Amino acid sequence: MPKKTKYRKVQKGRLKGRSKGARELEFGEYGLRAIEAARLTAQQIEAVRITISRGLKKEGRVFLRVFPDKPVTKKPAETRMGKGKGNPEFWVAAVKRGRIMFEIQGLEEHEAKELFRLASYKLPMKTQFVKKADAHVQE
C-alpha cells in the first residue's frame, strides 16, 4: 500500500496491450516476465518475495519491479444496489503482458530457474523465465 494517494478510490481500468515499461532486465541477471495480463494483489507479491528470498539463502539479491498502488473496493455482503461505491479492501498492481516483475542476481541459471518456477505457482498468470542475454527479445 502506498504511503499517500491522490484519490482514495480509482476506476477498474483495462489490462489490454503490452506493458509500457519494465520490459527489460535492469537490476538482476535473471527475471520473471508476465506472458498474460493480471492484477497482482499485495499478498501475492509478498508470497513470491518470501519464496524467492527463502531460496536465495543470503547468496543473491531479489528485485521487485511491481508495486500494489491501486485500491480495489468491495461493497459489504448482502447490500442492495446503489448507495455509491464500496470501501477500499485491498491493493493490487496492474500487470500487463511483457512486464518483468521480479529479478534475481547472484545465482546460477539452474537455481534461478527453479526459484522462479516455485514463485510462478503463487501468481495468477502465465510467466516466462528470462536471462540477461535474451531479455531484449520480446514476445
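Taking other residues whose beta carbon is less than 11 angstrom from the beta carbon of Lys70, and scoring Lys, Arg as +1 and Asp, Glu as -1, yields +2. Each part gets one Cα centre, and for the stretch 1-17 versus the stretch 41-64 those centres are 24 Å apart. For the stretch 3-93, a simple Cβ point-charge model (Lys and Arg +1, Asp and Glu -1, everything else neutral) yields a dipole of about 600 debye relative to the Cα centre. Seen against the Cα atoms of the chain and their longest principal axis, helix 109-120 is set at about 20 degrees. Against the chain, whose longest principal axis is taken from its Cα atoms, helix 42-56 shows a tilt of about 20°.
Where a number appears in this text, it was derived from the coordinates with a stated rule and is not lab data. Keep in mind the model is a prediction, meaning the values are calculated, not measured. In this analysis, Cβ positions are derived from the backbone assuming ideal geometry, glycine residues included, and neighbour counts consider all displayed protein chains.
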